[in-house]
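See below for the structure under consideration.
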Amino acid sequence: MNDSAPIVAIATAAGRGGIGVVRISGRGLLQVAREVIGRKPMARMVQRLVMRNSAGSAIDDGLLLWFPGPASYTGEDVIEFHGHGGPVVLQRIQQRWLELVDGSRLAAPGEFTERAFLNGKLDLVQAEAVADLIDASSVQAASSAVRSLQGVFSNKVRALVQGLIDLRLLVEATLDFPEEEIEFLRSAGALEKLAALQTELEAVIGAAKQGAALRQGLDVVLVGEPNVGKSSLLNALAGDEVAIVTPIAGTTRDRIVQPMVMSGVLLNVIDTAGLRTTEDEVEKIGIERTRAAIAQADVVLVLSDARDSAILGAGTAEVIREVTELAPQALRLQVANKSDLLEKPALEQSDLILVSAKTGAGLDELRERLLALVGLGSTQEDVFSARERHVQALLEARVHLEQAAVQGAQGDEALDLVAEELRLAQRELSRITGEFTADDLLGEIFGRFCIGK
């Protein structure tokens, strides 16, 4: 990629469909479009076209759209032919455009969007949002991707970068007048400005983490002693017989992952083998896989049997201890299952959710508490799509701002260190939008797109 040759690709999904699109992007395509339709094309107007092969025989009867650069998706001249969506006819049309456009070649995955980025039509966050919108697995994920595509995330990052630039100018100017450093910084409120930037950054980090969770889904792991109803709860939440359920403790030997959407949020709910001491070699393997799932969990639901006289007794306490040790970062909910078997009403505990996987009692509360716990229970109008690399860059910027604050508190002797930490923080934030980006990262990002996009 990254050469200037015109590129051609089928832009619609593989297979048969009512309509198929072949897209061309390059510079100086006006003459090609003029020759194909027999007159000067009208910009952004639909024109009927019979696509013909080199011998003059018709290939397809369809519509042509002409987008002269730079007012196009890629910033170059773009031609789209909309024809019938059969694989053979689209391949023939694609081949004909390759013959008609001198020096053209087939587009690589994501190359149209990469050219849009390189030509300044999109920043890197917006370009990634295109792929996120295509891959969205829930309504919320699609909505958040649209917000990133519209520039919500980028604008927040640029506001932080501008604040850093202003602060860097202040610090750099102060370095030129060393005899006035402390008084000048204090009178200009540099440390207060830095603290305000840190507060703004924390808000963006929180929103980005939510956006990343919406995009890739949250891993919710069901853990507990054997036979507390983990598999039954998975089936109840999924509305299907996903896992085998028997009265025999230790039935589940391996983890079962069931994706499901709750209020527009993708959750990967994972049933696991019960945690206990066992001599069964197969069950031991299952328990080790349980521990591995816990270590990677975003949320852990700790299940117990509602009939136990001590719902959070020794066995459950040991499970909680393991969860805390394996996944200190994970959020946690405590759930007492089999409430339908209680002979008398259970005492209410604010931190305990009482449910029955058999009757469905308490499941709505569990869903609400789960979404509220991860901060995704609202309509999420302010959440934008984000990726792990975005979150990591924000966290790195946070570290540099924290170091700048520490050095700033030392006074005039550390001003050069403050300036350096601010520069590094700005660099990390600029990586997000692509204003400072290595070529190998671009190859990795756009290589994951579909061809034609």
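The values are calculated or read from the model by the stated rules, or taken from the named source; none is laboratory data. Everything numeric here is computed off the predicted structure, so don't read it as measured data. Note that we place each Cβ from the backbone using ideal geometry, even for glycine, and neighbour counts take in every protein chain shown. Just the protein is used for accessible areas: all its heavy atoms, side chains included, with ligands, DNA and RNA removed. Shrake-Rupley method; radii C 1.70, N 1.55, O 1.52, S 1.80 Å.
General remarks:
- Verdict on Arg321 being open to solvent by 80 Å² or more (accessible area, probe 1.4 Å), over 26 Å from the mean Cα position of the chain (by Cα) and modelled with pLDDT of 80 or more: yes
- Subset of region 60-115 (residues that are acidic (Asp, Glu), more than 32 Å from the chain's Cα centre (by Cα) and over 17 Å from Glu35 (Cβ atoms)): Asp60, Asp61
- Tallying residues that are farther than 18 Å from Arg105 by Cβ and either in contact with a Lys or Arg (Cβ under 6 Å, 6 or more places away or on another chain) or in a loop (DSSP other than H, G, I, E, B) (or both) within region 16-51 yields 10.
- Residue in region 251-262 that is at pLDDT below 70, open to solvent by 40 Å² or more (accessible area, probe 1.4 Å), basic (Lys, Arg) and closer than 30 Å to Asp308 by Cα present: yes
- Candidates Arg23, Arg39, Arg44, filtered to the one that is among the basic types (Lys, Arg) and free of Cβ contacts under 8 Å to residues at least 12 places away in the same chain: Arg39
- Filtering region 1-37 to residues that are open to solvent by 70 Å² or more (accessible area, probe 1.4 Å) and more than 40 Å from the chain's Cα centre (by Cα) leaves Gln31, Arg34, Glu35.
- Taking the listed residues Leu371, Leu366, Leu347, Leu376, the one that is in contact with a strand residue (DSSP E or B) (Cβ under 8 Å, 6 or more places away or on another chain), at pLDDT below 90, in a loop (DSSP other than H, G, I, E, B) and at negative phi is Leu376, with no other qualifying.
- Filtered by the rule that a residue be in contact with a Pro (Cβ under 6 Å, 6 or more places away or on another chain) and either buried (at least 21 other Cβ atoms within 10 Å of the Cβ) or not in a strand (DSSP E or B) (or both), region 263-303 gives Gly274, Arg276.
- Considering the conditions (1) open to solvent by 40 Å² or more (accessible area, probe 1.4 Å); (2) at pLDDT 90 or above, Ile79 is excluded by exactly one of them, (1).
- Within region 410-426, the set of residues being open to solvent by less than 10 Å² (accessible area, probe 1.4 Å) and at pLDDT 90 or above comprises Leu422, Ala425.
- Flag if Gly69 is touching a Pro at 6+ places or on another chain (Cβ under 7 Å) and in a loop (DSSP other than H, G, I, E, B): no
- Put simply, of Ala196, Ala173 the only residue that is out of contact with any Asp or Glu (no Cβ under 9 Å at 6 or more places or on another chain), modelled with pLDDT of 90 or more and either part of a helix (DSSP H, G or I) or not small (Gly, Ala, Ser) (or both) is Ala196.
- Candidates are the residues of region 88-135 that are among the β-branched types (Val, Ile, Thr) and in contact with a strand residue (DSSP E or B) (Cβ under 9 Å, 6 or more places away or on another chain); the one that is nearest to Arg52 (Cα to Cα) is Ile93.
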